[in-house]
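A.B. asks: Please find one structure pasted underneath; my questions will follow.
The values are calculated or read from the model by the stated rules, or taken from the named source; none is laboratory data. Not measured: the values here are computed from a predicted model. When we count neighbours, we look across all protein chains shown, and the Cβ atoms used for this are built from the backbone with ideal geometry, even at glycine. The protein model used for the area step is the full one, side chains on, heavy atoms only, and it has no ligands, DNA or RNA in it. Shrake-Rupley method; radii C 1.70, N 1.55, O 1.52, S 1.80 Å.
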Amino acid sequence: MEKWSLMTITVLLALTVRWAVSLGSYSGAGKPPMYGDYEAQRHWQEITYNLPIRQWYFNTSDNNLLYWGLDYPPLTAYHSFVCAYIAKLINPDWVALHTSRGYESQPHKLFMRTTVFVADLLVYIPAVILYCFSLKETSAKKKASTCALCILLYPGLILIDHGHFQYPLSLGLALWAVLCLSHDWDLLGSVAFCLALNYKQMELYHSLPFFCYLLGKCFKKGLKGKGLVLLLKLAGTVLLSFAACWLPFGTDVEQIMQVLRRLFPIDRGLFEACMDKVANIWCSLSVLIKIKNVISPRTQLKLSFAVTFLSLLPACIKLTVQPSLRGFKFALVSCALSFFLFSFQVHEKSILLVSVPVCLIINEIPFMATWFLLVSTFSLLPLLLKDGLLLPYAITTPAFLAVCLASFSILEKTSAEDLQLKAFSLSLKGYMSWFKSFPRIVRSLFLLSLALMGALSVLSAAAPPPQRLPDLFPVAVAVVSCLHFLLFLVYFNVVILWDSKNRGQKKIS
């Protein structure tokens with residue numbers, strides 16, 4: 001009972017923070033002609049409610065795709081339709097075809113914010129709570145409410161979902177999939193992840209770890225017996241899940257192809273989404289090398305694919321050969337980070353696809369997880385400033401750090417063993433004597449990183465940039481964040497590749 005009381009307080013605090021953030025401004029308010037992401041979500045409700053399904057993804061006189069055309073999979077469209085149906089009952093003007101563009105009012109803002117709040121409450125938050133209670137380690141069980149508090153107070157997700165404005169459904173469904181797999185409910189986990197992928201195509205960032213982990217389980221069980229049966233069941237589950245999601249579009253090949261073109265608009269180029277200085281390798285390199293000018297769009301696509309594939313290959317091979325839940329969670333982080341750093345058309349909000357898996361291992365590596373989550377929130381700073389979210393950012397980020405310091409004493413968890421680097425350090429014995437002072441070095445780098453992020457945050461918010469370099473601060477934030485992420489990618493891959501014990505994992509039989 002005490003655990004549930006603490007968890008109830010944790011959830012109430014998390015909900016209070018979310019609601020407080022949602023009371024501020026929202027993306028694109030009063031900024032025609034496109035307004036912002038808030039208007040995009042409202043417009044999708046307008047389109048899905050008023051037009052037949054066959055027109056949702058096509059450019060017509062009633063559906064100008066240049067004005068926030070649908071570019072997410074069918075489940076997003078169905079969710080928009082459900083929200084629109086409720087909105088129509090409250091006030092038909094909110095979703096009136098054509099005339100509702102750029103609609104802004106306090107009642108409508110309250111309605112839209114409430115839809116996000118409800119989605120969080122029904123999907124994402126329950127998944128976090130049940131995941132924290134399902135942690136196998138005794139010490140972690142005692143800290144279920146502590147882990148949940150840190151995860152639910154992660155500022156990046158709160159600021160984007162409830163400040164900038166988007167729904168947490170794809171990440172919530174992915175969390176449910178992880179939770180199901182942790183209980184060996186592989187078929188339910190597959191359904192949950194298929195739903196996540198059919199809500200947002202960016203869940204492809206997590207697809208390879210799911211595939212490799214389940215394939216590795218099939219190999220372990222033997223592909224001439226139980227493993228083959230499991231493989232066939234998984235294949236059937238995935239096919240049925242996708243068929244159910246795409247059923248309204250499945251009668252027309254052209255419909256399917258048009259949806260796919262909307263989901264993967266490769267003709268926009270490598271930097272289509274880099275206008276806000278994304279903290280990935282391509283946007284950072286463009287400061288020194290104008291890649292768009294020296295490499296053709298097709299070559300950019302091939303280069304991006306090759307680098308992404310090579311960077312995530314080691315973790316995927318290790319997970320397939322040695323499937324374990326611990327390895328699976330770390331592979332989710334590593335592969336998603338590879339996609340963010342190297343893949344095609346990355347949005348700055350995509351860092352949340354890395355951050356949520358990092359939240360899942362905060363009890364195992366609290367120091368590095370906290371550091372990463374702080375950097376990921378900092379990387380969103382240009383977008384947050386544009387949305388008028390400086391004050392929520394300035395409050396929630398230090399508060400999150402304080403909670404992690406109090407909950408996990410992270411500055412005391414910097415030894416090689418605490419950072420899951422003991423096996424790696426032993427392999428370097430005799431070559432790197434500085435490992436003895438490793439904890440002190442790591443703490444110093446962390447404090448230096450905090451100071452740098454704090455200074456850039458203050459400068460970005462308060463100091464006018466030089467006239468000749470108007471993008472100086474956003475670029476500096478992107479480059480500094482990118483350098484952090486590259487080091488984190490190396491770190492997570494080292495942990496994965498040198499992990500031979502798979503501690504705390506049930507034997508797959």
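A.B. asks: Determine which member of the set Thr16, Thr48, Thr10 is surrounded by 15 or more Cβ atoms within 10 Å (Cβ to Cβ), modelled with pLDDT of 90 or more and of a type in the set (Val, Ile, Thr). Lay out the reasoning, then the answer.
C.D. replies: Working: Thr16 fails: surrounded by 15 or more Cβ atoms within 10 Å (Cβ to Cβ); Thr10 fails: modelled with pLDDT of 90 or more.
Sole residue among the options that is surrounded by 15 or more Cβ atoms within 10 Å (Cβ to Cβ), modelled with pLDDT of 90 or more and of a type in the set (Val, Ile, Thr): Thr48.
A.B. asks: I would also like to ask the following. Report, ordered by the first and then the second residue, all pairs with beta carbons closer than 6 Å, sequence separation of six or more or different chains, a first member in the range 97-114 that is within 15 Å of His43 (Cα to Cα) and part of a loop (DSSP other than H, G, I, E, B), and a second member that is open to solvent by less than 50 Å² (accessible area, probe 1.4 Å) and among the acidic types (Asp, Glu).
C.D. replies: Between residues of the range 97-114 that are within 15 Å of His43 (Cα to Cα) and part of a loop (DSSP other than H, G, I, E, B) and residues that are open to solvent by less than 50 Å² (accessible area, probe 1.4 Å) and among the acidic types (Asp, Glu), the close pairs are Ser100/Glu46.
A.B. asks: Which residue is nearest to Thr397 (Cα to Cα), if the candidates are limited to the range 21-36 and must be open to solvent by 30 Å² or more (accessible area, probe 1.4 Å) and touching a Phe, Trp or Tyr at 6+ places or on another chain (Cβ under 9 Å)?
C.D. replies: Here the answer is Ala29.
A.B. asks: Only one residue in Phe328, Phe424, Phe400 is farther than 26 Å from Ile129 by Cα and not aliphatic (A, V, I, L, M), so which one is that? Reasoning before the result, please.
C.D. replies: On the way: Phe328 fails: farther than 26 Å from Ile129 by Cα; Phe400 fails: farther than 26 Å from Ile129 by Cα.
From the options Phe328, Phe424, Phe400, the qualifying one is Phe424.
A.B. asks: Just wondering, is there one or more residues in the range 146-153 that are more than 22 Å from Tyr393 (Cβ to Cβ), modelled with pLDDT of 95 or more, more than 15 Å from the chain's Cα centre (by Cα) and open to solvent by 10 Å² or more (accessible area, probe 1.4 Å)?
C.D. replies: Among the residues of the range 146-153, not one is more than 22 Å from Tyr393 (Cβ to Cβ), modelled with pLDDT of 95 or more, more than 15 Å from the chain's Cα centre (by Cα) and open to solvent by 10 Å² or more (accessible area, probe 1.4 Å), which makes the answer no.
A.B. asks: Next up: Within the range 37-67, track down each residue that is in a loop (DSSP other than H, G, I, E, B) and in contact with a His (Cβ under 8 Å, 6 or more places away or on another chain). It would help to see each step written out before you state the result.
C.D. replies: So in the range 37-67, the residues in a loop (DSSP other than H, G, I, E, B) come out as 51-52, 56-59, 61-62, 64-67.
Asp62, Tyr67, listed by residue number.
A.B. asks: Only one of Asp120, Asp37, Asp62, Asp71 is touching a Gly at 6+ places or on another chain (Cβ under 8 Å) and under 24 Å from Arg262 (Cα atoms). Can you tell me which? Walk me through how you get there before you give the answer.
C.D. replies: Details: Asp120 fails: under 24 Å from Arg262 (Cα atoms); Asp62 fails: touching a Gly at 6+ places or on another chain (Cβ under 8 Å); Asp71 fails: touching a Gly at 6+ places or on another chain (Cβ under 8 Å).
Just one listed residue meets the conditions, Asp37.
A.B. asks: Here are some conditions: (1) surrounded by fewer than 22 Cβ atoms within 10 Å (Cβ to Cβ); (2) in a helix (DSSP H, G or I); (3) out of contact with any Ser or Thr (no Cβ under 6 Å at 6 or more places or on another chain). Ala177 meets all but one. Which one does it not meet?
C.D. replies: Tallying (1) surrounded by fewer than 22 Cβ atoms within 10 Å (Cβ to Cβ); (2) in a helix (DSSP H, G or I); (3) out of contact with any Ser or Thr (no Cβ under 6 Å at 6 or more places or on another chain), Ala177 fails exactly one: (1).
A.B. asks: Continuing with the same structure: Among the residues of the range 198-228, how many are of a type in the set (A, V, I, L, M) and open to solvent by less than 30 Å² (accessible area, probe 1.4 Å)? Spell out how you get there, then give the answer.
C.D. replies: Filtering the range 198-228 for residues of a type in the set (A, V, I, L, M) gives 202, 204, 208, 214-215, 223, 228.
Retained after the next criterion (residues that are open to solvent by less than 30 Å² (accessible area, probe 1.4 Å)): 214.
Matching residues across the range 198-228 total 1.
A.B. asks: Related question: For the range 222-242, enumerate the residues that are among the small types (Gly, Ala, Ser) and under 25 Å from the mean Cα position of the chain (by Cα). Show your work before the answer.
C.D. replies: Going residue by residue through the range 222-242, those that are among the small types (Gly, Ala, Ser) are 222, 225, 227, 235-236, 241.
Ser241 - this is the single residue of the range 222-242 that is among the small types (Gly, Ala, Ser) and under 25 Å from the mean Cα position of the chain (by Cα).
A.B. asks: Here's a follow-up. Quick check on this structure: which one of Ile295, Ile266, Ile291 is open to solvent by less than 20 Å² (accessible area, probe 1.4 Å) and at pLDDT below 90? Break it down into steps so the answer makes sense when it comes.
C.D. replies: On the way: Ile295 fails: open to solvent by less than 20 Å² (accessible area, probe 1.4 Å); Ile266 fails: open to solvent by less than 20 Å² (accessible area, probe 1.4 Å).
Step by step, each of Ile295, Ile266, Ile291 is checked, and only Ile291 is open to solvent by less than 20 Å² (accessible area, probe 1.4 Å) and at pLDDT below 90.
A.B. asks: Another one. Being touching a residue at least 60 places away in the same chain (Cβ under 8 Å) and surrounded by fewer than 17 Cβ atoms within 10 Å (Cβ to Cβ) is the filter here; which residues of the range 59-80 pass it? Let's see the steps before the verdict.
C.D. replies: Pass one, the range 59-80, residues touching a residue at least 60 places away in the same chain (Cβ under 8 Å): 65, 69-76, 79.
Once the filter is applied, which keeps residues that are touching a residue at least 60 places away in the same chain (Cβ under 8 Å) and surrounded by fewer than 17 Cβ atoms within 10 Å (Cβ to Cβ), the range 59-80 yields only Leu65.
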